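Undergrad: Submitted below is the structure of interest, expressed as structure tokens.
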Amino acid sequence: MDFLSLLKFLVMLVIGFVFLVKGADWFVEGAAGIAVKLGIPEIIVGLTIVAMGTSAPEAAVSITSAFKGSADITIGNVVGSNILNVAVILGLTAAITTIAVLKSTVFIDIPFTLVVTILLLLLGLDGTVGRLDGIILWVFFIGYLAYLFVRTKKNKNSDSEEESDEIEAGKKLPIWKLLILIVIGVVLIVLGSNVAVDGAKGIAKIMGMSDRLIGLTIVALGTSLPELVTSVTAAKRGSADLAVGNIVGSNIFNILFVVGTSALIIPVAFQSAFIIDAIIAAVIMVILFLCVVRKKELRRVGGIVLLLSYVAYFIYLLMK
């Protein structure tokens, strides 16, 4: 094993993730600030720019991977991120504090996430998520955005603290600074995705690991860093009541927006091995639903069950 080459690719991966996370953060702050200054309602900004901003790392890495012929990283990143978001991020957050869950999240968002996960599985059974499949995913995506808009109009207080903070931060800056934030954010996202994908591919080659395993684990963790930091920090502050809704919403965006957009740009290969991963992603959502359906909250026991589920899944990946 070439230790220096491995170290180089690891450094590239870390730098790529830092660029992705910071780039997404600045892009959201700049875009949200300009949108509000232009008179676009905060509710719309929160549902579109801020929500998509949290999926920017997954989107950038997935699209870049597709262009570079690493479709296993494209699908693996999304499916892996979704599994990790629920099993690890919510598991850790629930281990810190009990998380209250909105009724609409329990009976609408979680089941809808299960539906779109199964939809992705069905679309990929022929071995490719093509442009027609991308259109189908985008139709579901637009429908979900419309639903969110109607629901949030009925409940003005349903925006998350994180969304309000980012929009509020953008309001305080002049237009020219917001434009600079957007440009720098986009540049960092593009650079970060390229560096992260190259680093991941290099590690996979040296370690003899498949692109699928890299995408499902290392890349998935890296692109889920914004959700991880936000959820755990919120839990420590005692304000994690919307953590489940935010994570579930991110998972929906990952499948419909990230995979849908990637497929519209270039058809994405869906290998048979991802069938099991997609089924596991669906099972994790069922476990989450069973943990929260009665009490409308995710308790420590539920968090531990989710964490153990990921441990079992990770062992399965290593054995494969």
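Undergrad: Given a Förster distance of 35 Å, report the FRET efficiency between Y316 and V183 from their Cβ-Cβ distance, rounded to the nearest 0.05.
TA: Details: r = 43 Å, r/R0 = 1.22.
Result of the calculation: an efficiency of 0.25.
Undergrad: I'd like the carbon and sulfur percentage of the solvent accessible area for the range 172-302, probe radius 1.4 Å, heavy atoms only, ligands and nucleic acids excluded. Display every interim value, and only then the final one.
TA: Details: 3770 of 5470 Å².
C and S fraction of accessible area: 69 percent.
Undergrad: Something else: Can you list which of the DSSP-assigned H helices in the chain have a Cα extent of 20 Å or more along the long axis and an average Kyte-Doolittle score of at least 1.0? Present the calculation step by step, with values, prior to reporting the outcome.
TA: Working: long enough: 3-37 (51 Å, 1.66); 110-124 (21 Å, 2.64); 131-154 (35 Å, 0.92); 175-207 (47 Å, 1.85); 273-292 (30 Å, 3.04); 300-319 (28 Å, 1.85).
Correct list, ordered by number: 3-37, 110-124, 175-207, 273-292, 300-319.
Undergrad: Additional query: With +1 assigned to the C-beta of every Lys and Arg and -1 to the C-beta of every Asp and Glu, and no other charges, what is the dipole magnitude of the chain about the Cα centre in debye, to the nearest 20? It would help to have the intermediate numbers written out before the result.
TA: Working: 24 positive and 22 negative charges, 91 e Å.
Dipole about the Cα centre, nearest 20: 440 debye.
Undergrad: Still on this structure, please answer the following. Give me the lysines in straight-line cross-link reach of K37: C-alpha distance below 23 Å, same-chain residues under 8 apart excluded.
TA: K22, K153, K156, K171, K172, K177
Undergrad: What number, rounded to the nearest 500 deg cm²/dmol, is the helix-based mean residue ellipticity at 222 nm of the chain, given -39500 (n - 2.57) per DSSP H run of at least four residues and division by all its residues?
TA: Working: 17 runs with 235 residues, N = 320.
Here the helix-only value at 222 nm equals -23500 deg cm²/dmol.
Undergrad: Okay, next question. Ordering I247, I218 by accessible area with a probe of 1.4 Å, largest first, what comes out?
TA: Numbers: I247 5, I218 55 Å².
Sorted by accessible area, descending: I218, I247.
Undergrad: Also, quick follow-up: Ignoring ligands, DNA and RNA, what accessible area per residue does the chain give at 1.4 Å, in Å²? List each step's numbers first, then the result.
TA: Working: 13760 Å² over 320 residues.
Result: 43 Å² of accessible area for each residue.
Undergrad: Amide H of E297: which non-local residues (sequence gap of 5 or more, or other chain) have their own amide H closer than 5 Å, using H built in the peptide plane?
TA: Excluding prolines and chain starts, which carry no amide H, the hits are V101.
Undergrad: Run the accessible area of the range 97-153 with a 1.4 Å probe and give the carbon-and-sulfur part as a rounded percent.
TA: Numbers: 2070 of 2700 Å².
Of the solvent-accessible surface of the range 97-153, carbon and sulfur hold 77 percent.
Undergrad: Then there's this: Could you work out which residue, out of A95, A196, A220, moves most in a Gaussian network model of the chain, that is, has the largest mean-square fluctuation with Cα springs under 10 Å?
TA: Looking only at A95, A196, A220, the biggest GNM fluctuation is shown by A95.
Undergrad: Hey, quick one: spin label on L92, modelled 7 Å out along Cα-Cβ, who in the range 277-320 has an amide N within reach, i.e. under 15 Å?
TA: 303-304, 306-308, 310-311
Undergrad: Each label point is 7 Å from the Cα along the Cα-to-Cβ direction; what then is the distance between the points at I304 and I266, in nm?
TA: 4.6 nm
Undergrad: In addition: Using amide H atoms built 1.01 Å from N in the peptide plane, name the residues 5+ places from T128, or on other chains, whose amide H lies under 5 Å from its own.
TA: Distant-sequence amide H within range of T128: F270.
Undergrad: Calculate the FRET efficiency for L221 and K296 from the Cβ-Cβ distance with a Förster distance of 35 Å, rounded to the nearest 0.05.
TA: Numbers: r = 29 Å, r/R0 = 0.83.
Once rounded, the FRET efficiency stands at 0.75.
Undergrad: How large, in Å, is the chain by the Kirkwood hydrodynamic radius built from its alpha-carbon pairs? Walk me through the numbers on the way to the answer.
TA: Details: mean 1/r = 0.0511 Å⁻¹.
After inverting the pairwise mean of 1/r, the radius is 19.6 Å.
The values are calculated or read from the model by the stated rules, or taken from the named source; none is laboratory data. Bear in mind the structure is a predicted one, so any value in this text is a computation, not a measurement. Here the Cβ is made from the backbone with ideal geometry for all residues, glycine too, and neighbour counts use every protein chain on show. Heavy atoms of the whole protein, side chains included, go into the accessibility calculation; ligands, DNA and RNA do not. Shrake-Rupley method; radii C 1.70, N 1.55, O 1.52, S 1.80 Å.
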